[in-house]
1. Name every residue in region 11-30 that is surrounded by fewer than 18 Cβ atoms within 10 Å (Cβ to Cβ) and farther than 16 Å from residue 95 by Cα, in order of residue number.
2. Out of region 31-75, which residues are of a type in the set (Asp, Glu), more than 13 Å from residue 10 (Cα to Cα) and surrounded by 13 or more Cβ atoms within 10 Å (Cβ to Cβ)?
3. Please go through region 45-99 and pick out each residue that is among the basic types (Lys, Arg) and either closer than 25 Å to residue 25 by Cα or within 16 Å of the chain's Cα centre (by Cα) (or both).
4. Out of 68, 37, 42, I need the residue that is over 20 Å from residue 19 (Cβ atoms) and touching an Asp or Glu at 6+ places or on another chain (Cβ under 8 Å). Which one?
Amino acid sequence: MGNKSKQKGSRFERLCVKIAKSFGIKSLRAWGSDGRSLGEHSEVDIMVGEFKAQCKTRERIAKWIKPSKYVDIQIVKENYGEVYVIQKYENWLKIITKI
């Protein structure tokens, strides 16, 4: 694997799986970051329990998109688009372990 960007992405996917497993959640990484190896769409990178996830890592995330220290979640929406919630991965894992 010579592509540094691909290596970085694969490391992040493995980290996400490791963190989920530390919460006792069954988690799998798709071989080659291709969800078809798990019987899912090709964009699926990992499975966290029954949830399909695509993992993205960037050098920097826009400051406005990250929740501040004063809030638990950030809610964002494009004009005429869907509404999304952004929160710390560990907080989300705590929520789904209570489901």
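Throughout, read-outs are computed from the coordinates displayed, never taken from laboratory work. Since the model is a prediction, treat every value here as computed from it, not as a measurement. Positions of Cβ are backbone-derived with ideal geometry, glycine not excepted, and every protein chain shown enters the neighbour counts.
1. Answer for region 11-30, where residues must be surrounded by fewer than 18 Cβ atoms within 10 Å (Cβ to Cβ) and farther than 16 Å from residue 95 by Cα: 11, 12, 14, 15, 18, 28.
2. Of everything in region 31-75, those that are of a type in the set (Asp, Glu), more than 13 Å from residue 10 (Cα to Cα) and surrounded by 13 or more Cβ atoms within 10 Å (Cβ to Cβ) turn out to be 40, 43.
3. Of region 45-99, the ones among the basic types (Lys, Arg) are 52, 56, 58, 60, 63, 66, 69, 77, 88, 94, 98.
If the condition is that a residue be among the basic types (Lys, Arg) and either closer than 25 Å to residue 25 by Cα or within 16 Å of the chain's Cα centre (by Cα) (or both), then 52, 56, 58, 60, 66, 88, 94, 98 are the ones that fit.
4. 42
One line per residue, one yes/no per condition, for (1) of a type in the set (A, V, I, L, M, F, W, C); (2) over 26 Å from residue 97 (Cβ atoms):
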position: 10; (1), (2): no, no
position: 16; (1), (2): yes, no
position: 20; (1), (2): yes, no
position: 48; (1), (2): yes, no
position: 61; (1), (2): yes, no
position: 66; (1), (2): no, no
position: 78; (1), (2): no, yes
